[in-house]
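The values are calculated or read from the model by the stated rules, or taken from the named source; none is laboratory data. Just so it is clear, the structure is predicted and the values come from calculations on it, not from any experiment. FYI the Cβ positions are ideal-geometry reconstructions off the backbone, even for glycines, and counts take in every protein chain you see.
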Amino acid sequence: MVDKLRKSLEQLEPPICPACHIDMQWSRSSLENQSPITIAHLFLCPNCNRTSETKSSVSTMILPPKKLSAPKRLRAA
């Protein structure tokens, strides 16, 4: 979960406050949907205390294992 959050924050750009015209500061993030993974980010303006929410999606790659383990076949008697 932490890796997914970290990936979503790397792609994130803070919104600009419509009243003060300065970058808002990140406050917190929370997971909204598991499939597809959607994370909601809450931003606060340090000047006027307005809030803004942005959402980001994180794509996950599922890699198949390189080698599958299976029981050895036994010969029938």
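The residue of the stretch 24-60 that is farthest from Leu9 (Cα to Cα), among those that are β-branched (Val, Ile, Thr) and at pLDDT below 80, is Thr60.
Only one entry of Leu63, Leu12 meets the criterion of being surrounded by 10 or more Cβ atoms within 10 Å (Cβ to Cβ), assigned to a loop (DSSP other than H, G, I, E, B) and modelled with pLDDT under 85, and that entry is Leu12. Are there any pairs with C-beta distances below 8 angstrom linking a residue in the stretch 18-35 that is farther than 11 Å from Ser52 by Cα and without any contact (Cβ under 8 Å) to a residue 40 or more places away in the chain to a residue that is part of a strand (DSSP E or B) and charged (D, E, K, R), with the two at least 6 apart or on different chains, and if so which? Listed pairs, sorted by first residue: Glu32/Lys55.
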